[in-house]
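K.L.:
Here it is: the structure, laid out below.
Computed from the coordinates by the stated procedures, all read-outs in this text should not be read as laboratory data. Since the structure is predicted, the reported quantities are computational estimates derived from the model, not experimental observations. Because the Cβ atoms are built from the backbone with ideal geometry, glycine has one as well, and the counts that use them run over all protein chains shown.
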Amino acid sequence: AKEGGRNRFARFERQMDIAARERRDLEMDLRNALQNGEFELHFQPLINIETGQTTSFEALVRWNHPERGIVMPDDFIGIAEDTGLITELGEWIIRHACHLASNWPSHMRVSVNLSPVQMRSTGLVATIFSAIANAGLDPSRLELEITENVLLHDSEANIAILHQLHEFGVRIALDDFGTGYSSLNYLRSFPFDKIKIDRCFVTDLADSEDCKAIVRAVTELAGSLGMTTTAEGVELESQLEELKVQGCTEAQGFLFSRPERPDQFTDLRGTGLDA
Ligand code: C2E
Ligand code: CA
Ligand code: CA
Ligand code: CA
């Protein structure tokens, strides 16, 4: 049946209402989630393509909601950023990740995502230093992943923060490379150790000459700037083969493992702590 314009609009409004209510409900629940211990960290390995060894585990946060079950970060990180709750949540993530990693084999790093909003909170550097010290973790075993958004806003302040952390020994990775709008010039101002090539360039890698050319160019650029590369979202053997040809350093994706609780990895089992 054909719907009148007015009818369609009423339905649209209803859906907006539901979306707004949904968001408000999640926001209210989010305020208590940290106190209730509802967050957990899952981990996904980063694999050195040459050696096949796991070099790091990326921490990916999940919200174990009492009624909804597992809520994924794309559904709550934005709300946490808008409400400022990301500062407290981000601090918990850093402390918990460092704590867990301190019990892992000493050649394994932990990679932690930093939100641009978190970067604006005062005391971030102090929080990270104290998390490392409390865990007794070598600073070089913590790798922070930031996106290009961090480079666009408050870039002077952010450059200073990242240099401070880098001088302390913490490693810095540029996440989702190639999806933002910033210029290449920032690669000189920021102390990056690693560039993570976004999944969109990896998906069509085996068939698309353009994707091959982009991955090759990024790998060469990174290499000549003294940085390594990690390809994200590697799902197929054919993609891995192509990454090897293009000289990419590491690969990460479902081909190796989905993000899991740490006790699911033989490498990390028996470290006496769960997620
Ligand atoms: P990201 O940092 O780019 O993380 C990679 C995302 O890709 C993860 O989704 C991961 O599960 C997914 N992924 C990994 N390998 C594959 C693959 O082979 N194929 C496909 N299709 N996907 C793959 P997830 O865990 O849902 O996280 C989504 C985003 O949420 C992250 O993107 C990151 O931006 C954010 N996020 C996750 N954890 C945290 C956190 O602790 N703090 C902050 N600030 N953001 C986080
Ligand atoms: Ca990441
Ligand atoms: Ca990424
Ligand atoms: Ca992403």
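K.L.:
Just to confirm the filter: which GluC sites (Glu not before Pro) across the stretch 42-100 are DSSP coil and have at most 13 other Cβ within 10 angstrom of their Cβ?
P.N.:
Passing sites in the stretch 42-100 are GLU50, GLU67.
K.L.:
Just to be sure I understand: of the beta bridges DSSP finds with both ends in the chain, what percent are antiparallel, rounded to 5? List each step's numbers first, then the result.
P.N.:
Working: 15 of 36 bridges.
The antiparallel fraction comes to roughly 40 percent.
K.L.:
How would you rank PHE177, PHE265, PHE57, going from fewest to most other Cβ atoms within 10 Å of each one's own Cβ?
P.N.:
Values: PHE177 23, PHE265 18, PHE57 29.
So the ranking, lowest neighbour count to highest, is PHE265, PHE177, PHE57.
K.L.:
For n ≥ 4 DSSP H runs only, could you compute -39500 (n - 2.57) per run for the chain, divide by its residues and tell me the 222 nm figure to the nearest 500?
P.N.:
Details: 11 runs with 121 residues, N = 275.
Calculated at 222 nm, the ellipticity per residue is -13500 deg cm²/dmol.
K.L.:
Once you have the Kirkwood Rh of the stretch 17-134 from its Cα pairs, apply Stokes-Einstein at 25 °C and 0.890 mPa s and quote D in µm²/s. Don't jump to the answer; show the numbers that get you there.
P.N.:
Values: Rh = 15.5 Å.
Translational D for this selection: 158 µm²/s.
K.L.:
Within the stretch 29-61, list the residues whose amide N lies under 16 Å from a label point set 7 Å along Cα→Cβ of ASP82.
P.N.:
Correct set: 29-31.
K.L.:
Most exposed first by the Cβ proxy, i.e. fewest other Cβ within 10 Å, how do ILE159, ILE70 rank?
P.N.:
Values: ILE159 16, ILE70 10.
Taking fewest neighbouring Cβ atoms as first place, the list is ILE70, ILE159.
K.L.:
Would you tally the net charge around GLU145, using a Cβ to Cβ cut-off of less than 10 Å, leaving GLU145 out, and scoring K and R as +1, D and E as -1? Kindly include the intermediate steps, with their values, before the conclusion.
P.N.:
Numbers: positive: ARG171, LYS194, LYS196; negative: GLU58, GLU143, ASP175, ASP176.
It works out to a net charge of -1.
K.L.:
Over what distance in Å are the Cα centres of the stretch 1-39 and the stretch 85-137 separated?
P.N.:
First find each Cα centre; the distance between them is then 32 Å.
K.L.:
Bin by bin, in steps of 5 Å, what percent of the Cα pairs in the chain do you find, going until the bin that has the longest distance?
P.N.:
Calculated P(r), rounded to whole percents: 1, 5, 11, 15, 16, 16, 14, 9, 6, 3, 2, 1, 0, 0.
K.L.:
Got a sec? How would SER102, SER183 order by Cβ neighbour count within 10 Å, fewest to most?
P.N.:
On the way: SER102 18, SER183 10.
Taking fewest neighbouring Cβ atoms as first place, the list is SER183, SER102.
K.L.:
How much length is gained if the chain between LEU236 and SER208 is pulled fully straight, taking 0.36 nm per residue apart and subtracting their Cα-Cα distance, in nm to one decimal?
P.N.:
Working: separation 28, 0.36 × 28 = 10.08 nm, distance 1.45 nm.
Stretched fully, the LEU236-SER208 segment lengthens by 8.6 nm.
K.L.:
Under the Karplus relation 6.51 cos²θ - 1.76 cosθ + 1.60, θ = phi - 60°, what is the ordered set of whole-Hz ³J(HN,Hα) values for the stretch 127-142, x standing for Gly and Pro?
P.N.:
Going residue by residue, I get 4, 5, 4, 5, 4, 5, 5, 4, 7, x, 8, 5, x, 6, 8, 9 Hz, with x marking Gly and Pro.
K.L.:
Assign one of three labels to the stretch 1-79, namely rounded, prolate or oblate, based on the Cα gyration tensor with a ≥ b ≥ c the square roots of its eigenvalues; rounded applies when a/c is under 1.5, prolate when it is not and a/b is larger than b/c, and oblate otherwise. Don't skip to the answer; put the middle values down first.
P.N.:
Numbers: a/c = 4.61, a/b = 1.91, b/c = 2.41.
Cα axes put the stretch 1-79 in the oblate bin.
K.L.:
One-quarter of the Cα convex hull surface for the stretch 177-275, in nm²? Walk me through the numbers on the way to the answer.
P.N.:
Details: hull surface 30.9 nm².
So the mean shadow area of the Cα hull is 7.7 nm².
K.L.:
Of the lysine pairs in the chain, how many meet both conditions: Cα atoms under 30 Å apart, and a spacing of 8 or more in sequence or different chains? Walk me through the numbers on the way to the answer.
P.N.:
Working: LYS194/LYS212; LYS194/LYS244; LYS196/LYS212; LYS196/LYS244; LYS212/LYS244.
Within the chain, the lysine pair count is 5.
K.L.:
Further question on the same structure: How much length, in nm to one decimal, is gained on full extension between ILE159 and ARG11, taken as 0.36 nm per residue of separation minus their Cα-Cα distance?
P.N.:
On the way: separation 148, 0.36 × 148 = 53.28 nm, distance 4.70 nm.
Length gained between ILE159 and ARG11: 48.6 nm.
K.L.:
Among the DSSP beta bridges whose two residues both lie in the stretch 1-109, what percent are antiparallel, rounded to the nearest 5? Before the final figure, lay out the partial values.
P.N.:
Numbers: 12 of 13 bridges.
The answer is about 90 percent antiparallel.
K.L.:
Output ³J(HN,Hα) for the stretch 157-173: one whole-Hz value per residue in order, computed from phi by the Karplus curve 6.51 cos²θ - 1.76 cosθ + 1.60 with θ = phi - 60°, and x for Gly and Pro.
P.N.:
Result, rounded to whole Hz: 4, 5, 4, 4, 4, 5, 5, 4, 5, 5, 5, 6, x, 5, 8, 10, 10.
K.L.:
Which residues does the label zone of ARG199 cover in the stretch 152-178, counting backbone N under 16 Å from a point 7 Å along Cα→Cβ?
P.N.:
175-178
K.L.:
Further question: GLU260 versus SER140, label points 7 Å from Cα toward the beta carbon: distance in nm?
P.N.:
2.9 nm
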